[in-house]
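The values are calculated or read from the model by the stated rules, or taken from the named source; none is laboratory data. These numbers were taken from a predicted model, which means no experiment stands behind them. Note that each Cβ is placed from the backbone with ideal geometry, even for glycine, and that neighbours are counted across all protein chains shown. Accessible surface is based on the protein model in full, side chains and every heavy atom, while ligands, DNA and RNA are left aside. Shrake-Rupley method; radii C 1.70, N 1.55, O 1.52, S 1.80 Å.
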Amino acid sequence: MQLLRDILDKQVVDREQVKIGKVDGLVAELRQGKPPRLVAVELGSIALARRLGARPGRWTVQLAAKVSGKRQARPHRIAWNKVRDIGVDIEFDIDVRRTKILAWQRWLRNHVVGRIPGA
């Protein structure tokens, strides 16, 4: 399997086939004398911005921290051992409703889109 070709930018779904987002980053564990081991995938604008370079990554972290009111913002991570199937989409054995992955989308729906007349 070629990770960059087969995993990066693929659609991620939960066990109920709810679309979560796309794989924006990969987290690998470096091991002495052994090949690296994939431990998680990252989702979200922070991971995506890091792919553009260090400066866009830092700006996105600062913006996300300011918007969320947290001291430090991080990309969402899903452990690689939660993978159920890799096909057209990557299916993880998680329930997205029990995570904070879609919190930003819910906030936008409730505070922005919901206030638009006719929305």
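For the subset of the range 13-28 comprising residues that are part of a strand (DSSP E or B) and open to solvent by 70 Å² or more (accessible area, probe 1.4 Å), which member is farthest from residue 94 (Cα to Cα)? Show your work before the answer.
Of all residues in the range 13-28, those part of a strand (DSSP E or B) come to 13, 19-22, 25-28.
Those still in the list that are open to solvent by 70 Å² or more (accessible area, probe 1.4 Å) too: 19, 22.
Working: 19: 12, 22: 15 Å.
So, considering only residues that are part of a strand (DSSP E or B) and open to solvent by 70 Å² or more (accessible area, probe 1.4 Å), the one farthest from residue 94 (Cα to Cα) is 22.
Scan the range 46-78 for residues that are of a type outside the set (Gly, Ala, Ser), outside any helix (DSSP H, G or I) and surrounded by fewer than 12 Cβ atoms within 10 Å (Cβ to Cβ) and the total you get is 3.
So which residues in the range 30-45 are within 16 Å of residue 104 (Cα to Cα) and not in a helix (DSSP H, G or I), if there are any at all? Spell out the reasoning first.
Going through the range 30-45, the residues within 16 Å of residue 104 (Cα to Cα) turn out to be 42-45.
If the condition is that a residue be within 16 Å of residue 104 (Cα to Cα) and not in a helix (DSSP H, G or I), then 42, 43, 44 are the ones that fit.
Within the range 30-39, the set of residues being modelled with pLDDT of 95 or more and surrounded by 11 or more Cβ atoms within 10 Å (Cβ to Cβ) comprises 39 only. Checking each residue in the range 28-62 for being farther than 28 Å from residue 14 by Cα and of a type in the set (A, V, I, L, M) picks out only 54.
Matching residues to (1) closer than 24 Å to residue 84 by Cα; (2) aromatic (Phe, Trp, Tyr); (3) free of Cβ contacts under 8 Å to residues at least 40 places away in the same chain:
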residue: 9; (1), (2), (3): yes, no, yes
residue: 12; (1), (2), (3): yes, no, no
residue: 22; (1), (2), (3): yes, no, yes
residue: 32; (1), (2), (3): no, no, yes
residue: 42; (1), (2), (3): yes, no, yes
residue: 51; (1), (2), (3): no, no, yes
residue: 54; (1), (2), (3): no, no, yes
residue: 64; (1), (2), (3): no, no, yes
residue: 67; (1), (2), (3): no, no, yes
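Residues to consider are 110, 81; find the one that is exposed (fewer than 12 other Cβ atoms within 10 Å of the Cβ), modelled with pLDDT of 95 or more, not in a loop (DSSP other than H, G, I, E, B) and not small (Gly, Ala, Ser). Matching residue, one of 110, 81: 81.
Kindly list the number of the only condition in (1) within 21 Å of residue 105 (Cβ to Cβ); (2) modelled with pLDDT of 90 or more that fails for residue 74. It is condition (2) that residue 74 fails. If the condition is being part of a strand (DSSP E or B) and open to solvent by 30 Å² or more (accessible area, probe 1.4 Å), then the range 1-12 contributes only 11. Might you check whether a residue that is modelled with pLDDT under 85, within 13 Å of the chain's Cα centre (by Cα), in a helix (DSSP H, G or I) and surrounded by 15 or more Cβ atoms within 10 Å (Cβ to Cβ) occurs anywhere in the range 84-106? Looking through the range 84-106, at least one residue is modelled with pLDDT under 85, within 13 Å of the chain's Cα centre (by Cα), in a helix (DSSP H, G or I) and surrounded by 15 or more Cβ atoms within 10 Å (Cβ to Cβ).
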